[in-house]
Ligand SMILES: NC(=O)c1ccc[n+]([C@@H]2O[C@H](COP(=O)([O-])OP(=O)(O)OC[C@H]3O[C@@H](n4cnc5c(N)ncnc54)[C@H](OP(=O)(O)O)[C@@H]3O)[C@@H](O)[C@H]2O)c1
């Protein structure tokens with residue numbers, strides 16, 4: 001039997017994709033969630049309650065697990081980044097990661113690998129330069145959040161556990177809010193690039209997130225920060241042009257950067273800034289992307305039967 005996979009914060013967008021993929025491979029999937037779930041879990045998946053910050057009976061579930069995968073954290077995209085919200089974004093990540101690492105420390109039988117979700121926001125706004133895992137952290141709230149989040153996972157290495165920090169960018173999934181929000185103006189014939197359109201977007205199809213995570217669990221030589229992102233990042237202008245073509249709509253109405261700032265405040269950084277990230281380590285390890293190019297990825301997601 002392939003073993004047990006524990007997904008902390010696994011009821012969200014990424015977690016649902018992972019639960020499906022890992023259970024299809026025969027793994028037992030346990031999802032740690034803060035809510036008392038009444039609904040029955042899908043086949044081979046079960047829910048276990050935790051508070052996302054302290055030790056509890058859930059720790060037994062990570063003993064000897066094939067992998068602990070941490071996805072917990074307050075969403076970045078819901079509501080303006082007030083000082084209070086920013087604190088919550090960082091706190092929820094650092095506390096849940098620390099609780100998991102402490103859990104591992106208390107166990108005799110350690111999990112085989114600890115995988116922490118992370119983000120390409122780590123690199124900050126890096127202009128036109130290609131960045132890979134050897135590039136330094138950038139500036140700004142997102143970069144600082146990711147830096148602190150990753151730092152809270154690192155002590156697990158001292159427990160003799162392999163650590164993989166999977167840095168992803170925009171996850172394109174059929175039901176994802178981001179894709180719905182980006183596609184809506186196009187559906188209404190009012191789509192166009194946001195800001196100058198020159199900023200880079202690093203994106204990945206949800207199937208590749210699942211496949212890349214599975215690959216990370218099964219590749220013992222892979223450790224440290226690993227960019228989980230398609231090998232073909234695009235400029236915002238190109239992303240919108242491909243999105244328009246996929247929806248048979250024009251991409252003509254640009255949304256000025258200042259309008260996004262007015263609407264979203266500092267959160268506009270998520271769309272006005274960008275990074276051109278290369279998945280150097282995954283490619284070197286021989287990982288094959290199912291959707292390396294944007295047109296096929298968007299076609300599959302937006303014209304899925
Ligand atoms: N989606 C993307 O495009 C993307 C890109 C790069 C990185 N990431 C990162 O990958 C991770 C997973 O992404 P996702 O899109 O699946 O996230 P998500 O749908 O927002 O789910 C994350 C989970 O975190 C838990 N959570 C929410 N608020 C929390 C809080 N205040 N304290 C503790 N736990 C909380 C929730 O689980 P319960 O309510 O069940 O406890 C939720 O299901 C996130 O940390 C995200 O930052 C995502």
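Considering only 83, 176, 67, give the residue with the highest GNM mean-square fluctuation for the chain, with springs between Cα atoms whenever their separation is below 10 Å.
Result: 83 has the largest fluctuation of those listed.
Does anyone have the angle between helix 83-105 and the longest principal axis of the chain? Alpha-carbon axes, 0 to 90°, nearest 10?
30
Specify the residue with the greatest mean-square fluctuation among 72, 96, 23, computed from a Gaussian network of the chain linking alpha-carbon atoms under 10 Å apart.
23
What do you get for the angle between helix 177-187 and the principal long axis of the chain? Use alpha-carbon atoms, 0 to 90 degrees, nearest ten.
20
Below 8 Å, C-alpha to C-alpha, sequence gap of six or more: please give me the relative contact order for the chain in percent.
The normalised contact order for the chain reaches 18 percent.
Mind giving me the nanometre distance, one decimal, between the label points for residue 75 and residue 88, set 7 Å out from Cα along Cα→Cβ?
The modelled label-to-label distance comes out at 1.1 nm.
Tell me the angle of helix 236-246 to the major Cα principal axis of the chain, expressed in degrees between 0 and 90 and rounded to the nearest ten.
90
Every number here is computed from the coordinates shown, using simple stated rules; none is lab data. Keep in mind that this is a model prediction, so the values were computed, not measured. Cβ atoms come from the backbone with ideal geometry, glycine included; neighbour counts cover every protein chain shown.
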